[in-house]
Structures are given as C-alpha cells and as structure tokens.
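Contents: one structure, followed by commentary.
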Amino acid sequence: MFLSVFDMFKVGIGPSSSHTMGPMVAAARFLDLMRASPFRFAGLRASLHGSLAFTGVGHATDRATVLGLAGFVPETYDADAAETALAEIRKTGTVSPEGLGTLAFSPDRDLAFDYDHKLTGHANGMILMATDAQGDVTLRQVYYSIGGGFVMTEEELAAGKDTDEGTPVPYPFKSAAEMLEMARASGKSVAAMKRANEISRNGDARLRQGTARIWEVMNACIDRGLASDGVLPGGLGVKRRAKGIYDALMDERGMNLTAPHTINDWMSVYAMAVNEENAAGGQVVTAPTNGAAGVVPATIRYYLDHVPGASTAHVEDFLLTAAAIGGLVKFNASISGAEAGCQAEVGSAAAMAAAGLCAVMGGTPEQVENAAEIALEHHLGMTCDPVKGLVQVPCIERNGLGAIKAVSAASLALRGDGTHLVPLDACIETMRQTGADMSEKYKETSLGGLAVNVPNC
C-alpha cells in the first residue's frame with residue numbers, strides 16, 4: 001500500500017476538502033473525459049447527492065462544482081478570477097472550459113441538489129452529465145468525494161482502487177503492526193521508511209521541495225489567520241477570534257503571572273487561525289482534510305515556537321510520520337466526516353499530529369504508534385454536526401482541542417516505553433465500526449446534534 005505524503009497533504013482551498021475541493025477535482029476529471037470523447041457536446045448538468053446536497057451550500061459545493069466545470073482546479077485557484085468567472089457564468093448561462101468550446105450551463109437550472117436519492121457508493125456523491133444540441137445526455141459519470149480531496153468514479157470505488165498499487169515500495173506496510181515489524185527488522189524510524197517509499201517513487205529532490213512547500217503554505221495560513229479579524233461568511237455571524245487571542249497572548253509573554261495552562265491557548269490559537277482561514281475560503285493544506293486542517297500545522301508550530309531544541313530541519317520527519325499514520329487510517333477506515341463523523345477528521349488529524357510530534361521529540365516507532373493510538377482513541381464516537389452546514393461551529397474550536405490532545409498524547413507516549421494495551425490497528429478498526437454504526441444525522445448532514453439545537457441554525 002502506498003499513499004504519498006502529497007496525497008495526505010494537498011494545497012487547496014476552503015472550506016471543505018470533501019465538499020469543495022473534491023467536487024472541483026471531479027469536475028476537472030469530467031472535463032478530461034469529455035475531451036477524450038468522440039462526441040460533440042453542447043451543455044452540462046450536475047446533481048449533488050447525500051451530504052453534498054444537505055450541506056452543499058454551507059460548504060460551497062455548488063460554487064466549487066460550477067467553477068470546476070469552468071476549468072478551475074484547487075492547485076492554481078485564483079479567488080479574484082473565480083469571482084469574475086462566476087459573475088460571467090450567471091450572466092450568460094454558459095461555461096467555456098479549455099478545448100471544449102462554449103457549453104450551456106446555468107447554475108440555477110442545471111445544478112440540482114437532490115436530497116431524496118442517496119447514491120450507494122459513498123455519502124458524498126455527485127453525477128456529472130454532458131448533453132448534445134437537443135439536450136439529451138450523451139455522457140454521464142458518477143463521482144464520489146471520499147474525503148481529503150480524494151475523488152473516485154463509481155467504477156473505481158467498486159473496484160477498490162483507492163490507493164496506488166503501482167511500482168513496489170521498500171516498506172509497503174498496510175497496518176500499524178506491519179509498520180512496527182518493518183521498523184524492527186530494518187532499524188529505521190517510521191519517517192525513514194516513509195522517506196524511502198517516497199524517494200522510490202518521486203525522487204529525493206521532489207520530496208524535499210514538496211515537504212518544504214507544504215510547511216510553507218501551512219505556516220503562512222497560520223500567520224494570515226493570526227493577523228485577520230472580522231466576521232466569517234455564511235450568515236452565522238461568527239467572529240474571527242484568533243487575532244484577538246494571539247494579540248493578548250503576545251502582550252502577556254514574559255509576565256510572571258501567566259498560568260502554565262496558557263500553553264493550551266497557544267496550541268488552540270494556531271489551529272483556530274488555520275480553520276478561520278479555511279472557513280473564509282482561503283488557501284489551506286488538507287491535513288488530512290480541510291475541516292481538520294488546523295491540527296497538524298498547529299502542533300508543528302507549537303513544536304517550533306515552544307519546545308526547546310526544536311528545529312525546522314525536523315519538519316519533514318514530522319510530516320512523513322504523520323502521513324504514514326494518516327495513510328493507515330484512510331486505508332483501513334476513513335478520513336471522511338460524511339462517512340464516519342468527525343472522529344475520522346479531527347480524530348485522524350490528532351493521531352497524525354501526535355505521531356509526528358512524538359517522532360521529532362525522539363520517540364521510538366513503538367512510542368509513535370502509541371501516541372497515534374492515544375489521540376485517536378479519545379476522539380472515538382465524535383460526530384460531525386456543523387451548524388448551518390458551515391465549517392465553523394464546532395469545527396474551528398474543535399481543531400484547537402484536537403491539537404491539545406495531540407500534544408498530550410505524544411507526551412504520554414514519550415513517558416512510556418511504547419508498550420500499551422490497545423493497538424493502533426484495533427483503534428482504527430473501532431473507528432471504522434463506530435462510523436458504520438453512527439446515525440446519518442451525525443455524519444456531515446447537519447440533520448442532528450448542534451446543527452438542530454443552535455437557535456440561529
């Protein structure tokens with residue numbers, strides 16, 4: 001099993017990797033399918049199903065689908081160009097993706113939110129269609145946005161093509177048990193094994209440049225969030241809080257009366273800064289999703305700014321270790337809130353961050369596995385119930401608490417020798433089973449929990 005660090009950590013846009021980035025990626029794939037077809041097309045249609053329908057407006061799924069069909073992709077997304085394109089599409093009722101000419105597509109008429117027909121493959125389903133001059137559908141494809149910006153067709157999902165099984169890698173662990181056995185046999189750390197796998201596929205230069213870019217974008221996102229105030233879009237009236245908290249913390253620095261627990265506020269504010277940026281539609285890195293994008297960068301920033309002896313030279317090891325754990329969770333369970341609740345998003349992110357921090361603080365592979373297990377175990381059962389379908393409440397604060405749990409888990413693991421009762425594999429399987437048993441109301445549909453009990457929902 002090989003899932004690249006660049007699959008787990010993707011530069012994209014907010015507010016959601018599954019509901020914003022995924023539909024945009026699906027649209028790009030459909031345009032490529034059209035370009036490869038011998039048919040001539042005159043128009044486009046789309047329908048959103050399951051969670052993509054129920055929370056689609058709050059997650060900007062409709063907007064992402066429209067822009068994707070116009071040729072926009074997350075990696076090169078330009079906010080100003082997108083606004084101009086949306087205005088033109090609404091005015092003309094057409095899109096003009098490269099190589100396909102002008103196609104009829106009116107968002108009000110041709111983009112449907114289908115609340116009644118859930119597609120069978122995954123909670124995040126969408127159907128994209130191309131029509132001829134008479135309006136008849138001549139090309140149709142079902143796509144599933146399975147979390148973290150990953151997209152699969154109906155056929156790919158049925159065939160189980162969720163991970164890259166191409167050229168063999170040196171350390172192809174599919175479980176935590178296999179990971180630990182390979183670490184013992186090779187004498188290598190989790191990061192070293194993951195690095196060897198990455199280099200075997202993509203080369204050393206791309207790995208170094210790519211991981212540096214990931215942290216650059218993560219760190220810049222934190223800084224933007226710490227410097228920005230105002231009210232987040234969407235209608236809830238949620239005020240940005242990170243800047244105010246950060247300014248107060250900076251004013252208190254060096255004061256003898258600062259309580260020790262204030263360090264929790266630093267962890268939280270870094271995460272909240274990222275998730276406020278995400279909620280505003282800014283540039284973020286999936287880690288492993290947008291809804292959980294603050295946990296890993298907040299934990300790295302905590303390490304760099306507050307841990308004696310920390311070094312940016314260790315950030316690559318942090319990211320590689322975190323990606324290894326995230327890959328195990330995705331392969332054996334889920335990172336999708338629509339599939340398994342927030343335990344699959346913030347829970348997975350906390351496990352990744354705990355493992356990464358434990359690794360860069362000198363933890364053994366056994367301690368790393370223990371750290372990941374502790375963090376995930378104490379998110380089990382967490383629901384996904386965003387108020388008004390927006391990635392704001394409870395998502396922003398939840399990332400802060402996820403970072404705190406990640407640091408606590410790493411610290412506890414480092415206090416032991418790596419032996420513990422519950423294996424990470426058992427915890428991941430428990431998360432999968434819990435997600436399968438969880439009511440649909442609590443899996444990113446905004447039909448239960450806080451989403452129906454907060455008055456301005």
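In region 349-382, which residues are farther than 14 Å from Pro423 by Cα and in contact with a His (Cβ under 8 Å, 6 or more places away or on another chain)? Ala350, Val360 - these are the residues of region 349-382 that are farther than 14 Å from Pro423 by Cα and in contact with a His (Cβ under 8 Å, 6 or more places away or on another chain).
So, of the residues in region 157-177 that are surrounded by fewer than 17 Cβ atoms within 10 Å (Cβ to Cβ) and touching an Asp or Glu at 6+ places or on another chain (Cβ under 9 Å), which turns out to be farthest from Thr364 (Cα to Cα)? Filtering first and then ranking leaves Lys161. Pro386 passes every criterion in (1) surrounded by fewer than 20 Cβ atoms within 10 Å (Cβ to Cβ); (2) touching a residue at least 60 places away in the same chain (Cβ under 8 Å) apart from (1).
The set of residues in region 199-220 that are under 25 Å from Tyr171 (Cα atoms) and without any contact (Cβ under 8 Å) to a residue 60 or more places away in the chain comprises Ile199, Ser200, Gly203, Asp204, Ala205, Arg206, Gln209. Among residues of region 273-299 that are under 19 Å from Ser336 (Cβ atoms), those with a beta-carbon under 6 Å from a residue that is in a loop (DSSP other than H, G, I, E, B) and among the basic types (Lys, Arg) at least six positions away or on a different chain give the pairs Thr286/Lys10. Filtering region 361-375 to residues that are surrounded by 24 or more Cβ atoms within 10 Å (Cβ to Cβ) and within 18 Å of Val296 (Cβ to Cβ) leaves Gly363, Val368, Glu369, Ala371, Ala372, Glu373, Ile374, Ala375. Inspect region 154-170 for any residue being among the hydrophobic types (A, V, I, L, M, F, W, C) and under 30 Å from Val315 (Cβ atoms) and give the result as yes or no. Scanning region 154-170 turns up at least one residue that is among the hydrophobic types (A, V, I, L, M, F, W, C) and under 30 Å from Val315 (Cβ atoms).
Restricting Ala293, Ala354 to those that are over 19 Å from Ser17 (Cα atoms) and either modelled with pLDDT of 95 or more or touching a helix residue (DSSP H, G or I) at 6+ places or on another chain (Cβ under 6 Å) (or both) reduces the list to Ala354.
Pairing residues of region 224-248 that are in contact (Cβ under 8 Å) with a residue 60 or more places away in the chain with residues that are in a helix (DSSP H, G or I), at Cβ distances under 6 Å and at least 6 apart in sequence or on separate chains, gives Leu232/Ala279; Leu236/Lys388. Filtered by the rule that a residue be surrounded by fewer than 18 Cβ atoms within 10 Å (Cβ to Cβ), not in a strand (DSSP E or B) and not acidic (Asp, Glu), region 119-140 gives Thr120, Ala133, Gln134, Gly135.
Only one of the numbered conditions (1) more than 28 Å from Ser18 (Cβ to Cβ); (2) among the charged types (D, E, K, R); (3) touching a residue at least 24 places away in the same chain (Cβ under 8 Å) is violated by Glu316, and that is (1). Quick one: would you say Ala280 is surrounded by fewer than 24 Cβ atoms within 10 Å (Cβ to Cβ) and small (Gly, Ala, Ser)? Yes; evaluated as a whole, the condition is true for this residue. Of all the residues in region 68-86, those that are touching a helix residue (DSSP H, G or I) at 6+ places or on another chain (Cβ under 7 Å) and under 15 Å from Gln283 (Cβ atoms) number 4. Among residues that are modelled with pLDDT of 95 or more, assigned by TED's automatic domain parsing to the domain that holds Glu369 and of a type in the set (Val, Ile, Thr), Val190 is included.
Among what's in region 141-156 and is under 24 Å from Leu103 (Cβ atoms) and in contact with a Ser or Thr (Cβ under 7 Å, 6 or more places away or on another chain), pick the residue that is surrounded by the fewest Cβ atoms within 10 Å (Cβ to Cβ). Going through the qualifying residues, I end up with Gln141. Among the residues of region 421-457, not one is without any contact (Cβ under 8 Å) to a residue 12 or more places away in the chain and touching a strand residue (DSSP E or B) at 6+ places or on another chain (Cβ under 7 Å). Before we move on, is Lys405 in contact with a His (Cβ under 8 Å, 6 or more places away or on another chain), closer than 30 Å to Leu236 by Cβ and either assigned by TED's automatic domain parsing to the domain that holds Ser186 or acidic (Asp, Glu) (or both)? Yes. When Asp32, Asp114 are screened for being within 17 Å of Tyr143 (Cα to Cα), at pLDDT 95 or above and loosely packed, with under 13 Cβ neighbours inside 10 Å, only Asp32 passes.
For region 75-97, the count of residues that are closer than 18 Å to Phe150 by Cβ and either modelled with pLDDT under 95 or surrounded by fewer than 24 Cβ atoms within 10 Å (Cβ to Cβ) (or both) is nonzero.
Restricting region 229-242 to residues that are in contact with a helix residue (DSSP H, G or I) (Cβ under 6 Å, 6 or more places away or on another chain) and crowded, with 16+ Cβ neighbours inside 10 Å leaves a set whose member that is farthest from Met272 (Cα to Cα) is Leu236.
Residues in region 9-50 that are of a type in the set (Ser, Thr, Tyr) and in contact with a helix residue (DSSP H, G or I) (Cβ under 7 Å, 6 or more places away or on another chain): Ser18, Thr20.
Within region 80-107, the set of residues being out of contact with any Phe, Trp or Tyr (no Cβ under 8 Å at 6 or more places or on another chain) and among the hydroxyl-bearing types (Ser, Thr, Tyr) comprises Thr84, Thr92, Ser96, Thr102, Ser106. Counting only residues that are in contact with a helix residue (DSSP H, G or I) (Cβ under 6 Å, 6 or more places away or on another chain) and either within 18 Å of Ala292 (Cα to Cα) or not assigned by TED's automatic domain parsing to the domain that holds Ala355 (or both), region 411-449 holds 7 of them.
The values are calculated or read from the model by the stated rules, or taken from the named source; none is laboratory data. Everything numeric here is computed off the predicted structure, so don't read it as measured data. All Cβ positions, glycine included, derive from the backbone under ideal geometry; neighbour counts span all protein chains shown.
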